[in-house]
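The values are calculated or read from the model by the stated rules, or taken from the named source; none is laboratory data. Quick caveat: nothing in here was measured; it's all calculated off a predicted structure. Here Cβ is always computed from backbone atoms with ideal geometry, including for glycine, and neighbour counts include all displayed protein chains. Calculation scope for accessible area: heavy atoms of the full protein, side chains included, ligands and nucleic acids excluded. Shrake-Rupley method; radii C 1.70, N 1.55, O 1.52, S 1.80 Å.
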Amino acid sequence: MSLNSFGHLFRVTTWGESHGPALGATVDGCPPGVAIDEAMIQHWLDRRKPGQNKYTTQRREADEVRILSGTFEGVTTGTPIQLMIENTDQRSKDYGDIKDKFRPGHADITYFQKYGVRDYRGGGRSSARETASRVAAGGLAREAIRAIAPDIRITGYMVQMGQHKIDRDAFDWDQIEQNPFWVPDAKAAKEWADYLDGLRKSGSSVGAVIEVVARGVPAGLGAPVYGKLDTDLAAAMMSINAVKGVEIGEGMSAAMLTGELNADEIFMGPNGPEYSSNHAGGILGGISTGQDVVLRFAVKPTSSILTTRRTITKSGENTEIITKGRHDPCVGIRAVPVGEAMMACVILDHMLLHRGQVGENRGVIG
């Protein structure tokens with residue numbers, strides 16, 4: 001039973017472990033003729049790689065990607081594309097003290113209960129290191145989207161760290177790339193820096209909420225009833241390590257609204273339908289409306305902390321544990337490019353599905 005793959009026509013299989021020799025992705029279904037090289041994918045991996053500032057894990061990985069198959073003379077051939085990233089800075093000895101203990105909040109205990117074997121070196125397959133493979137595949141998806149629909153833009157950013165939220169009135173797209181937290185609010189970025197620095201020095205961690213927006217998505221992507229665009233987006237985001245919640249558009253807050261407030265009124269504009277608001281997050285009935293596709297996901301605090309915690313051993317004995325090593329005080333920071341990558345993979349997949357079944361949109365309004 002293989003459950004390491006996602007996507008329908010644009011199909012991604014990730015492989016490898018945190019402390020193995022390498023990890024990567026096998027991508028099948030990418031359209032032929034897409035211009036791609038390693039530098040194009042590397043751009044996106046560089047945004048996710050560890051050790052770039054004091055607010056992320058100090059593991060030093062270049063995350064250099066190699067394309068092993070599926071391209072010829074700078075373009076995709078339509079055959080499977082193999083992407084490989086070597087691990088170069090493993091410190092497995094950091095985990096020697098916990099090989100017989102289960103880390104609270106980690107997947108150690110459930111992996112062992114299910115499989116009877118557990119790679120304790122950084123979590124093995126359950127490590128967030130696996131997300132480098134997703135970002136590589138997402139870089140490929142972005143280039144394919146650019147070739148098919150160049151107006152689509154996918155942007156992720158952090159909107160909350162712990163109890164601290166951004167000021168939506170101060171939202172500035174240009175600020176996202178100007179701070180280490182991918183925050184569209186200059187004041188919040190400065191305040192969060194001091195807050196996270198204190199947590200980092202104390203050996204603790206905190207969670208975050210990431211928002212990802214796809215602008216320029218055409219109407220018509222997605223299908224009823226089990227092929228909904230938001231169904232696949234939610235599954236994609238929920239599959240990211242440490243994610244504990246996903247919402248589309250207004251999300252959970254929709255439960256507090258009346259029907260009058262929640263329904264996005266429709267008007268006829270010069271280029272087609274326009275909406276008074278976007279509580280639906282750009283998706284109705286599982287099909288894109290042509291508005292921005294908006295989603296958020298919540299990332300739990302990094303479970304590897306320097307505070308002593310109670311746990312048990314494989315033999316069932318009660319004990320205590322301190323998780324040493326190099327860990328993110330807020331894993332949500334590096335989750336931003338991962339969320340973008342998963343959005344790109346899902347959007348491309350649904351573009352190909354739509355093209356295969358319908359071609360051009362059949363319903364003309366006006």
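So how much accessible area does H43 have, in Å² to the nearest 10, using a 1.4 Å probe?
Around 100 Å² of this residue is reachable by solvent.
Which order do peptides 233-244, 118-129 fall in by mean Cβ count within 10 Å, highest first?
So the peptides 233-244, 118-129, ranked by packing, come out 118-129, 233-244.
Suppose we take every Cα in the chain and form the convex hull; what volume per residue is that in Å³?
156 Å³
Would you calculate, for the chain, the mean residue ellipticity at 222 nm contributed by helices, counting each DSSP H stretch of 4 or more residues as -39,500 (n - 2.57) and dividing by all residues, to the nearest 500?
Result for the chain, helices only: -8000 deg cm²/dmol.
With a 1.4 Å probe and every protein chain left in place, work out the accessible area per residue of region 5-358 in Å², rounded to a whole number.
46 Å²
Using a 1.4 Å probe on the protein chains only, how many percent of the accessible area of region 220-264 belongs to carbon and sulfur?
For region 220-264, the apolar C and S fraction of the accessible surface comes to 61 percent.
In whole angstrom, and with the biggest value first, how far do the Cα coordinates of region 185-248 range along each principal axis?
49, 25, 12
In whole angstrom, how far apart do the alpha carbon centroids of region 245-273 and region 117-140 sit?
One Cα centre to the other: 35 Å.
By how many degrees, 0 to 90 and rounded to 10, does the Cα axis of helix 131-148 deviate from the longest principal axis of the chain?
20 degrees
How high is the FRET efficiency from A39 to F171, r the C-beta distance, R0 41 Å, rounded to 0.05?
The formula returns an efficiency of 0.85 here.
Using a Gaussian network for the chain with springs between C-alpha atoms less than 10 Å apart, which of these wobbles most: G203, G74, G216?
G74
Kindly express, to the nearest 10 degrees and within the range 0 to 90, the angle between helix 186-202's C-alpha long axis and the longest C-alpha principal axis of the chain.
Result, in degrees: 20.
List residues of region 5-30, by number, whose backbone nitrogen lies under 11 Å from a label position 7 Å along Cα→C-beta of E73.
No residues fall inside that zone.
Could I have the simple spin-label model distance between H8 and D28, label points 7 Å from Cα toward Cβ, reported in nm to one decimal?
1.7 nm
Need the list of lysines near K324 for cross-linking: C-alpha distance under 25 angstrom, and skip anything on the same chain fewer than eight residues off.
Within the straight-line limit of under 25 Å, K324 reaches these lysines: K49, K54, K93, K99, K101, K201, K244, K300, K314.
Taking 8 Å as the Cα distance limit and 6 or more residues as the minimum spacing, I'd like the relative contact order of the chain as a percentage.
Once normalised by length, the contact order is 22 percent.
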